[in-house]
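Enquirer: Would you mind keeping the following structure in view while I ask a few things?
Each reported figure results from applying straightforward, stated rules to the coordinates on display, with no laboratory input. Predicted, not measured: the structure shown is a model, and the values here were computed from it. Reconstructed Cβ throughout: ideal geometry from the backbone, glycine too, with neighbour counts over all protein chains shown.
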Amino acid sequence: MPAWPATEADALAEQDRLRALVDPTGPALSDDALVAGVDVAYDDERDVVVAAAVLLDFTTLETVEETTAAGTVRFPYLPGLLAFRELPPVLDALAALRHRPDLVLCDGYGIAHPRRLGLASHLGVLTGLRTAGVAKTPFSFTHDQPGPARGDWSPLLDGTEIVGRALRTRTGVKPVFVSVGHRIGLAEACEATLALASRYRLPETTRRADSRCRRALAEAVLRGRGESRGLA
DNA sequence: GCGACAG
DNA sequence: ATCTTGTCGC
C-alpha cells in the first residue's frame, strides 16, 4: 500500500485512482448480517485521534463486538478530503475486529461527494467491505423536504444527478442523508439505515461507535497525563 | 473574487 | 469535530 497522502495534491490524485473502483450496486442485507458502525473522536490539542468499530447483530441490534484504535492526526480537515483524516484509525479498528462485517455504516458520505469518493466509498474500496454513508447534514447538495413520516424520503441531488436520499428515520424529526458507499444499492442502504434507526434519528451503529470512541479518547488522554507525570 | 463546505 | 447549562418533552 502506498504511503498515506501527505499533501492535498496527493490526496486528490489518490481519490482519482480509487473512484474508478467503486461498485454502487449490491443486494439487501440478510437477517443474520453483522453490521459495523465506525466513528472517530479528536483531541487536536494533543494531536490524538481515536476510532471505534462496533459490530451489531442486524436483527436483534445487540452489540457483538467492539474495538478501538488510537493514533496521531495525519491530515487536516478539508471539506471533500475527510477520509484522509478519519480513515487511518478506522482501518486499524476494523482490522482488530474478529468477525468480518457484512456492512459498515459510516458517519458521512459515500458516492454523494463532489468527486464521488466520500469517506464510505473510500473505505469500501480500500477494504473490499460493503459500505454506506449516513450523514447528518446535506453538505453541498440539495433536496426537497421528504414527507413527515418515518421511512419517507426524497432524492439528494448534485445538480440534476441523484447521489443519495434524504431519509426520515423518525416521524417529525430532521432527515439523515444516505448514500451508497461500495457494493450496495441505494434502496438497500436506506433499508438497512431505517432498520438500524428504529428508536433514534441516527442508526444504532453510529450512535454506539460515537460514544465508544469518545470514551476511548477520554481514557487515552487520562493515560497520557498519568504517564507524563511518571505515574505509570 | 467571496463564501460555503461531510466530520 | 469541539467548546458547553439548563431545559422542554416522551
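Enquirer: Between a residue in the stretch A:1-30 that is at positive phi and any residue that is among the aliphatic types (A, V, I, L, M) and part of a loop (DSSP other than H, G, I, E, B), which pairs come within a Cβ distance under 6 Å, given they are 6 or more apart or on different chains?
Expert: Close Cβ pairs satisfying both conditions: A:G26/A:I184.
Enquirer: Suppose we filter A:L82, A:L105 for residues that are buried (at least 24 other Cβ atoms within 10 Å of the Cβ), within 16 Å of DNA strand C (Cβ to nearest atom) and within 22 Å of A:L196 (Cβ to Cβ); which single one remains? Give the steps one after another, and end with the answer.
Expert: Working: A:L82 fails: buried (at least 24 other Cβ atoms within 10 Å of the Cβ).
Unique residue meeting the criteria: A:L105.
Enquirer: Of a type in the set (A, V, I, L, M, F, W, C), surrounded by 17 or more Cβ atoms within 10 Å (Cβ to Cβ) and not in a strand (DSSP E or B) - does that describe any residue in the stretch A:163-181? Write out each step before concluding.
Expert: Taking the stretch A:163-181 and keeping what is of a type in the set (A, V, I, L, M, F, W, C), we get A:163, A:166-167, A:173, A:176-178, A:180.
This time we only want the ones that are surrounded by 17 or more Cβ atoms within 10 Å (Cβ to Cβ), so: A:163, A:166-167, A:176-178, A:180.
Next, from what is left, pick out any that are not in a strand (DSSP E or B): none.
No; the residues of the stretch A:163-181 include none that is of a type in the set (A, V, I, L, M, F, W, C), surrounded by 17 or more Cβ atoms within 10 Å (Cβ to Cβ) and not in a strand (DSSP E or B).
Enquirer: Scanning the stretch A:28-48 for residues that are within 13 Å of DNA strand B (Cβ to nearest atom) and assigned to a strand (DSSP E or B), which turns out farthest from A:E219 (Cα to Cα)?
Expert: That would be A:G37.
Enquirer: Separate question: Out of the residues in the stretch A:56-76 that are free of Cβ contacts under 8 Å to residues at least 60 places away in the same chain and out of contact with any strand residue (DSSP E or B) (no Cβ under 8 Å at 6 or more places or on another chain), which is farthest from A:S198 (Cα to Cα)? Working first, answer last.
Expert: Start the filter on the stretch A:56-76 by keeping residues that are free of Cβ contacts under 8 Å to residues at least 60 places away in the same chain, which leaves A:57, A:59-60, A:62, A:64-65, A:67, A:69, A:71-73, A:76.
Right, trim to out of contact with any strand residue (DSSP E or B) (no Cβ under 8 Å at 6 or more places or on another chain) and you get A:59-60, A:76.
Working: A:T59: 11, A:T60: 12, A:P76: 34 Å.
Residue satisfying both the conditions and the ranking: A:P76.
Enquirer: Which one of these is in contact with a Pro (Cβ under 6 Å, 6 or more places away or on another chain), of a type outside the set (K, R) and part of a strand (DSSP E or B): A:A11, A:A51? Spell out the reasoning first.
Expert: Details: A:A11 fails: part of a strand (DSSP E or B).
None of the others qualify; the one that does is A:A51.
Enquirer: Answer with yes or no whether A:T25 is away from DNA strand C (no atom under 15 Å from the Cβ) and outside any strand (DSSP E or B). Even if it seems obvious, please write down each step before you answer.
Expert: Working: away from DNA strand C (no atom under 15 Å from the Cβ): yes; outside any strand (DSSP E or B): yes.
Here the answer is yes, as A:T25 does meet what is asked.
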